[in-house]
Structures are given as structure tokens and as C-alpha cells.
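Only one structure is covered here, and it is reproduced in the block below.
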Amino acid sequence: MKTYSLPMPKDDGRVEFLFTYKDIEALGVRRRLRLRDRFSRGIHAMTFSIRNSGTSLDGMISDAGIGLEEIGHTIDLLRGGGGRRGHHAHLRDIVSEVADVLPFNGIEWATESTEIYNDVKHADRRDPTAAELHTMLIKNRLVFRVWLARRIGVPDSTIESGMWRMKRGIADD
């Protein structure tokens, strides 16, 4: 699973990492393995298009929407909630864990991400531009990576110092 690698600036084969083993050590690896089991469905959906090239942009947005909703749903269940809530509420559950380190407003992201996901999912809704889809895909993946990093114990300072790598491709707001 390639949740550890970040978008590369050029096609030179180098992989850039948000964090290293030294940042998380054995405890972080154990946390990652537990997360893989507890959030497997959401993580799988979030990483499908990373593992399988050739997926359409609409498909990547759909997969991200499914994955993020599943992660938020599981967070809600683990907090003792009933889990039967809408997509937006589940994205807000994720944001509640990472909003302070995101380079954009997390609540606005949850709303915009839900709108774009529903636009792609429903034929009677507007057709987002490729630029809108691409920007949202990058933001969705950034939220996912920050959430995952935080959950396994990556220090906020390490996340913040690597943020510029994860923000590549996000249109200036």
C-alpha cells in the first residue's frame, strides 16, 4: 500500500516521504497495522487509484468519496455513534481530527468535497470541470494522508514541514 509516498515533482523515479521510521518507530508501525485492519475498507478505497493506474478522474473522486465516507463512518462508530449519517457528517468527523494542521478550512473542504462527490455520482447534477475534480482529489488525498499520519503518531511539526509536498497541484484559493 503506497499511502506513504507523495506526488513527485518530476518523473525521475524518486519517492518523497512525508515521514520516516524515525518519526514513528515501532509503535507507529503497530498503529498503522491496527488502522489497516480497523479502517481497511476506507483505506482500500482511498488507495485504489494509487495502486491501479488508468482510473478516470471521476472514478478517483468516487473512490475517494467512498473511502472518506467509510473512514468517517468508522470514526463515528468508534466514538459510540450510530453511523447512519450523511456523507458530509462523516467527512466532518475526519476533519475534527486534523483541522488544525490542514492548509485550508476543513469544514469548507467537507462541504465542497461532498458537493463534488455528489456531482460525480448523480447524473442529474452539474458536471464539474476537470480542474475542480483534480483540485478536490488532491485535497481529499491530503486530508487522508494527514489523518493517517496523525493516527499513527507522526509529529505535527513533521506533517507541517512536509505540507508543501502534499499541496502540490492545489489551485491557489
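Quick notes on this one:
- Counted by Cβ distance under 12 Å from ILE66, the other residues give a net charge of -1, where Lys and Arg count +1 and Asp and Glu count -1.
- Estimated purely from DSSP H runs of n ≥ 4, each contributing -39500 (n - 2.57), the mean residue ellipticity at 222 nm for the chain is -21000 deg cm²/dmol once divided by its residues.
- Within the shell of other residues whose beta carbon sits under 11 angstrom from the beta carbon of ILE94, the net charge comes to -2, with Lys and Arg scored +1 and Asp and Glu -1.
- Rounded to the nearest 10 square angstrom, HIS88 shows an accessible area of 60 square angstrom against a 1.4 Å probe.
- Chymotrypsin sites (Phe, Trp or Tyr not before Pro) lying in DSSP loop within region 10-93, provided at most 11 other Cβ fall within 10 Å: none
- Kyte-Doolittle at least 0.5, axis length at least 30 Å by Cα - qualifying DSSP helices, the chain: 57-78
- Carbon + sulfur, % of accessible area of the chain - ligands and nucleic acids excluded, 1.4 Å: 50 percent
- Cα-based shape type of region 39-79, given that a ≥ b ≥ c are square roots of the gyration tensor eigenvalues and the cut on a/c is 1.5: oblate
- Trypsin sites (Lys or Arg not before Pro) lying in DSSP loop within region 20-110, provided at most 13 other Cβ fall within 10 Å: ARG79, ARG84
- Start at zero, step by 5 Å, and the Cα-Cα distances of the chain spread as 1, 8, 17, 22, 23, 16, 8, 3, 1, 0 percent across the bins.
- Largest to smallest in accessible area, the residues LYS139, LYS121 fall in the order LYS121, LYS139 (1.4 Å probe, all protein chains included).
- When all protein chains stay in place and ligands, DNA and RNA are ignored, the 1.4 Å accessible-area order of ASP127, ASP63, largest first, is ASP127, ASP63.
The values are calculated or read from the model by the stated rules, or taken from the named source; none is laboratory data. These figures come from a predicted structure and were not determined experimentally. Here the Cβ is made from the backbone with ideal geometry for all residues, glycine too, and neighbour counts use every protein chain on show. Accessible surface areas use protein heavy atoms only, side chains included; no ligands, DNA or RNA. Shrake-Rupley method; radii C 1.70, N 1.55, O 1.52, S 1.80 Å.
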